[in-house]
Structure formats: structure tokens, C-alpha cells
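Have a look at the structure below before the remarks.
Taken together, the values in this text are just the output of simple stated rules run on the coordinates, not laboratory data. From a predicted model like this one, the values you see are computed outputs, not experimental measurements. Please note: Cβ atoms are built from the backbone with ideal geometry, for glycine as well, and neighbour counts cover all protein chains shown.
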Number of protein chains: 2
Amino acid sequence: MRDAYHEELDTLTDRLVEMTRLVRSAMSRATTSLLDSDLHLAESVISQDEEVNRLYAEVETSIYEVMATQQPVAVDLRTVISALRMAADLERMGDLAEHIAKIARLRHPDSAIPPSLRDTIVEMGQIAERLITKTGTCIATRDVELSKELEADDDAMDRLHRRLFRVLLSPDWKYGVEAAIDITLAGRYYERYADHAVRVAHDVVYLVTGSRQEG
Amino acid sequence: MRDAYHEELDTLTDRLVEMTRLVRSAMSRATTSLLDSDLHLAESVISQDEEVNRLYAEVETSIYEVMATQQPVAVDLRTVISALRMAADLERMGDLAEHIAKIARLRHPDSAIPPSLRDTIVEMGQIAERLITKTGTCIATRDVELSKELEADDDAMDRLHRRLFRVLLSPDWKYGVEAAIDITLAGRYYERYADHAVRVAHDVVYLVTGSRQEG
């Protein structure tokens, strides 16, 4: 049977997994709002980021409590320190989804994404969702092998990110500077979202193995 | 007289202040390399980011050691938790300076900054340096009043950031999409640098008062 203290640590894990669900949903809706120029959906992402922030504050508070009252050592200490870092990364991922939704809102009723880049953005959105889903599984199961898959997905995201720039800089680009700015920023947000997902997975590896990964 | 444990915490503070010096120097050189299209300077920023990363790793390791061996409580616990967050923010600020230097390197021997935006970038660079200098003082002196000044500087950075977009989107813009992309990204890096500086100052406030600020 688990004691109250270890139940508290389990609850911490559950909350982190819940954060991955929220920021996955946020990113999924943000991508759709961007592609379909859906103002209602964009607004929902923007207003619901508050929920991610609230959960983050809860996680932080409970970590401080555990640290102050239980003075964890060894693997338990790694668990709470990792949780602190993971929660910060997940909170940031919520912000990035919100930033993408704000681009959709800014351009509504027009679309920020020209037809020639729709497929790339669709793919970036899919990879983002795949990444955060695996991040959630990684936190829940502590399966360190998954972190390698996340790195491969992150590489795929980087390739798509570079493809965006190739299209923007090609002589055929005819959508002007405003669209180029929107896409530059959106691309950056997807790429950062992927980076943070990988960082969370690396924190799981640290938690399990006690050794730090790069990035 | 301070005991060995509290000397260790003082050393932690010194190292964070040293990190602010490194990332201030990095940002100062990155801005100059961008404005003067100085490849040598840009390379120096890029190669020396390693130093920031090494210091970050050292700070992290010593925090884990303090936590595991001393099991700090109350204000000491807040000190180490804050230090962990501050070090992560400072490390990121080093990355952002490096990103700016990479834009300079990418466009060398051309300049990424058209004449009409030089003044704005000069100002953004100055505010970035002012922010990180105050952040260093804030960490060293624990002067929470400084954090308000940082917020004002951050607002000034946001205004300059918006000015960049106004120039990019004006009908007079004649430097094309590539320059617009460079400036969009550089602007984002300066703005994020400022955000991280404010976060560090907020961590000092948390350390001193025990209550969390937004952002």
C-alpha cells in the first residue's frame, strides 16, 4: 500500500498528464483555427489557457509543499525537481498554442495560411499532437525509450520548419510581407512547442535514470 | 560567521550573477554583430554560449547537491528553487543572444537590418542590456523594488517590438520578405529576452517575499 506521501507524488504525475491533455487539445484547436480561420475556436484556445496556468500554479504549490514538509531525497527528490521543470515546459506549450490561435484571430475572417502552405501546417500540427501525446505517455509510464521517438518527431518538425522558410523565400511567393510574418511566427511557435515536448521527455529520462540529456 | 551550507548558497548567488554578466555580454555583442554585420563578433557569441551552458549545468548540479544533502526549508528552500528557475531563464537568454548572432552570421557580409530599422534595433539592444544589468543587481542585492523598473523596461521593449511590425507592414517597406523574416525573428528574440529578465526578477521577489508574481 502507498503511504500518503507517495500518493501525493502520484497525484503530481496525474496532474502533469492532465496538463499534457490540456495543451494537446489547445494545440489541436489552435491549428484548426489557423487553417479554417475559425474565430470561435481561436477564442476558446485563448480563454482556456487560464486553465493550464491554474493547473501549473497548483502543481508548483504542491511541489513546494512536498519539498518543505517531506524533504524528499534520491529518486523522490528527482521526481519533484523534474515535475517542477516539466510543469514549466507544459505551461509554456499552452502559451505557444495560444500564440498560434492569436494569429488566427488577428487575420480572421481572412486566413493567415496561403493554400501552398496548408499541407505543411497540417503536418506541423499533426507532429505537435503526436509529440504531446507521447510526452503524456512518457510521463505516465516512465518509458524512457519513448524519448528517442520524441527526438525523431522533433527532427521531423525541424524539417517542416525549414520547408516553410524555403517556400517563403522562393521567387514564387506572392502573398506579401504580412503573410510571411504570420508564417514565420507560427512556424517558430510549432518548433518551440516541439522543443518543449522533448525537454519534458528528457526530464522523464532524468527522473528514471538520474542522468541529464541535452536540450 | 557563515557556515559552509550558507556559503554554498552565497556561491550559488554569485554564479547566477556571473550568468547575468555572460548573457549581457552575449546580447551586447549579438546586437553589434547584427548592426555592423560583424562576422567575427557573431561567431564569438555563438561559440561562447557553451560557457553559459556549462555554468548552468554547474548551478543545477550544486542545487541538487544542496537539496539532497541539506534538505533546506523555508527561505533556504525558496532560495534554491528560485535559483533553479533563474538559472534556466538565464541559460535561455544566452540562447536568444546566440540566435540573434546567427541571423548576423547568416546574412554576412550583408546586413540583416535595413537603415530605417537601425535605430529601433539599437534601442532594443540598449533596453536588453539595461534589463539584464538590473536583473544582475536584483539577484545580488535582493532589491525587490527593481523588479518594477524591469517591468517598465519590458513595456518599452514591447513598444519597440510593435514598432518593428508597423515598419515591416507599411506600404514603404522595400526590403522584401527575407529581411522581414530576419527582423520578425530578431524582434521576437529581443522580446523573449526581456520576458526572461522579468521572470528572473519575479523569482527574486518570490525568494524575498514568498509570494509569486505573474509571468
Distances in nm between the label point of residue B:74 (7 Å along Cα→Cβ) and its equivalents in the other copies, shortest first, are 3.0
Could you size up the charge dipole of the range B:1-155 around its Cα centre, putting +1 on the beta carbon of Lys and Arg and -1 on that of Asp and Glu, and report it in debye to the nearest 20?
220
Shortest-first distances to equivalent copies, position residue B:10, nm, label 7 Å out along Cβ
4.6
Above 40 angstrom, tally the Cα pairs of the protein assembly as shown and express them as a % of all pairs, no decimals.
16
Calculated label separations, residue B:133, copies of the chain, 7 Å along the beta-carbon direction, nm:
5.2
Taking the Cα centre of the protein assembly as shown as origin, sum charge times position over the Cβ atoms of Lys and Arg (+1) and Asp and Glu (-1), and report the length of that vector in debye to the nearest 20.
1060
Starting from the coordinates of the alpha-carbon atoms of the range B:102-215, obtain the Kirkwood hydrodynamic radius over all distinct pairs and give the value in Å to one decimal.
15.2
With a 10 Å cut-off between alpha carbons and a GNM built on chain B, which of B:171, B:72, B:109 moves the most?
B:171
Listed residue (A:74, A:103, A:190) projecting farthest to the positive dipole end of the range A:69-193, Cβ model
A:103
Other chains' Cβ within 10 Å of B:176-184 residues: what's the mean?
6
Selection from B:209, B:114, B:170 lying farthest towards where the dipole of chain B points positive, charges on Cβ:
B:170
If I take all pairs of Cα atoms in the range B:4-209, what percentage of them are more than 28 Å from each other?
31
Just from its helices, what would the mean residue ellipticity at 222 nm be for chain B, if runs of 4 or more DSSP H residues each count -39500 (n - 2.57) and the sum is divided by every residue, rounded to the nearest 500 deg cm²/dmol?
-31000 deg cm²/dmol
First check a/c for the range A:3-84, with a ≥ b ≥ c the square roots of the eigenvalues of its C-alpha gyration tensor; if it is under 1.5, answer rounded, and if not, answer prolate when a/b is larger than b/c or oblate otherwise.
prolate
Short to long, in 10 Å steps from zero, the percent of alpha-carbon pairs of the range A:37-115 per bin is 18, 33, 22, 15, 9, 2
